[in-house]
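The values are calculated or read from the model by the stated rules, or taken from the named source; none is laboratory data. Because the structure is a prediction, the values reported are computed rather than measured. Please note: Cβ atoms are built from the backbone with ideal geometry, for glycine as well, and neighbour counts cover all protein chains shown. Each accessible area value is taken on the protein alone, full model and side chains, heavy atoms only, with ligands, DNA and RNA left out. Shrake-Rupley method; radii C 1.70, N 1.55, O 1.52, S 1.80 Å.
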Amino acid sequence: MEERALTVLQLKLDYKTCRCGTVGAYARYEPGSTTIQCPNCHLSYTVPDAEYAAALAGWKTVTNQRKR
Ligand SMILES: [Zn+2]
């Protein structure tokens, strides 16, 4: 994932609420994958490299969020 894409992802995550109620999960890039993790309950979601849209969509799924 490009650094810029990771930054955009992080900005979006700053406003997402985890299922535990914590706002602001963080995204971490590692070669080959991107992981989103909640700093409170440590719920995490990992996607292959460069799948930033998938990461966000997956995070919504695991945190049981619904679009309004
Ligand atoms: Zn959480």
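Tabulated data
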| quantity | calculated |
| --- | --- |
| Net charge over other residues, Cβ less than 13 angstrom from the Cβ of ALA25 (K, R count +1; D, E count -1) | +4 |
| For LYS16, residues with placed amide H under 5 Å, excluding near neighbours | GLY24, ALA25 |
| THR7/VAL62 FRET efficiency (R0 22 Å; Cβ-Cβ; nearest 0.05) | 0.50 |
| The chain, accessible surface, carbon-and-sulfur percent (1.4 angstrom probe) | 49 percent |
| Under Karplus coefficients 6.51, -1.76 and 1.60, residue-wise ³J(HN,Hα) of segment 39-46 in Hz, glycine/proline x | x, 9, 9, 6, 4, 9, 9, 10 |
| Whole-Hz couplings from phi, Karplus 6.51/-1.76/1.60, listed for segment 17-27; x for Gly and Pro | 9, 6, 5, 8, x, 6, 9, x, 6, 10, 9 |
| Relative packing of 54-60, 10-16, 43-49, which averages over residues the other C-beta atoms within 10 Å, highest first | 54-60, 43-49, 10-16 |
| C-alpha long axis of helix 52-62 to longest principal axis of the chain, angle in ° | 30 degrees |
